[in-house]
1. Can you confirm whether the range 45-60 contains a residue that is surrounded by fewer than 13 Cβ atoms within 10 Å (Cβ to Cβ) and of a type outside the set (Gly, Ala, Ser)?
2. Can you tell me which of ILE87, ILE141, ILE106 is hydrophobic (A, V, I, L, M, F, W, C), under 21 Å from LEU173 (Cβ atoms) and touching a strand residue (DSSP E or B) at 6+ places or on another chain (Cβ under 9 Å)?
3. I want to confirm something. Restricting to the range 80-97 and keeping residues that are touching an Asp or Glu at 6+ places or on another chain (Cβ under 8 Å) and surrounded by fewer than 16 Cβ atoms within 10 Å (Cβ to Cβ), which single residue is farthest from LEU23 (Cα to Cα)?
4. Among the candidates ALA100, ALA114, ALA122, which residue alone is over 14 Å from VAL62 (Cβ atoms), of a type in the set (A, V, I, L, M) and crowded, with 18+ Cβ neighbours inside 10 Å?
5. With the condition kept exactly as written, say whether any residue in the range 2-11 is buried (at least 16 other Cβ atoms within 10 Å of the Cβ), of a type outside the set (Lys, Arg) and assigned to a loop (DSSP other than H, G, I, E, B).
Amino acid sequence: MAPAAALLELMGHICHPSFPKLLQYYHHDTLSMLVWEPTELSVDHILASSCSITADEIVSIVRPVLEGIQYLHELGRALATLGPDTILLTQSGDVKIRGAESSCQISQSEMNSATMKLCALADIVTKLMLKNRTYEWEQEIQNLPRQLESVSIEELLQDEIFTQTSSEGELKLLVSIANKTAYHGIKTYYARC
């Protein structure tokens with residue numbers, strides 16, 4: 001099977017709101033082009049921006065990432081990589097994980113917090129928390145990086161911090177402000193930044 005055909009077949013099986021949708025596929029001779037659903041910025045942009053971040057925003061970023069990782073886990077797959085540049089946010093504030101097309105088949109016996117990229121997610125959470133050093137983080141958020149490395153994904157998603165609030169639209173303002181302040185040098189007057 002040709003690599004492009006194998007990739008298209010894989011993406012046909014990986015269909016979850018935590019991953020960008022493959023909108024179009026173009027093929028000409030030896031060139032293949034994939035067109036993905038648009039995203040506005042990555043967590044890298046948030047880290048580079050002058051904007052601070054709140055506990056609710058961290059939860060709103062982490063929840064869909066955990067759900068995507070769990071979905072891949074159920075398919076016997078794991079992300080090849082997870083970093084601030086692979087966690088994307090749309091203009092409407094939805095969180096998407098880039099790289100499902102590069103995910104690896106992995107046996108259940110090899111699944112752990114490192115291979116499932118939960119340790120990488122813990123590192124990202126720590127970096128986000130450091131964006132707002134003066135913020136009084138709730139104990140649940142302070143414990144989140146450690147929990148990501150030691151607690152099962154099923155238990156994590158049942159934790160009260162992920163079940164008590166809705167993340168609907170929670171990140172729209174953060175996306176807008178981070179996009180303006182990350183690399184464009186625009187100073188904002190919002191109290192959060």
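1. The answer is no, given that none of the residues of the range 45-60 is surrounded by fewer than 13 Cβ atoms within 10 Å (Cβ to Cβ) and of a type outside the set (Gly, Ala, Ser).
2. Checking each option against the conditions leaves just ILE87.
3. By that ranking, first place goes to ASP85.
4. On inspection, the qualifying residue turns out to be ALA100.
5. No, the range 2-11 contains no residue that is buried (at least 16 other Cβ atoms within 10 Å of the Cβ), of a type outside the set (Lys, Arg) and assigned to a loop (DSSP other than H, G, I, E, B).
This table checks each residue for (1) assigned to a loop (DSSP other than H, G, I, E, B); (2) touching a residue at least 12 places away in the same chain (Cβ under 8 Å); (3) of a type in the set (D, E, K, R).
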{"position": "VAL65", "(1), (2), (3)": "no, yes, no"}
{"position": "HIS73", "(1), (2), (3)": "no, yes, no"}
{"position": "THR81", "(1), (2), (3)": "yes, yes, no"}
{"position": "LYS96", "(1), (2), (3)": "no, yes, yes"}
{"position": "MET116", "(1), (2), (3)": "yes, yes, no"}
{"position": "ALA122", "(1), (2), (3)": "no, yes, no"}
{"position": "THR134", "(1), (2), (3)": "yes, no, no"}
{"position": "LEU144", "(1), (2), (3)": "no, yes, no"}
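Quick note: the coordinates plus some simple rules give every number you see, no bench work behind them. All values derive from a computational prediction rather than experimental measurement. Cβ: placed from backbone, ideal geometry, glycine included. Neighbour counts: every protein chain shown.
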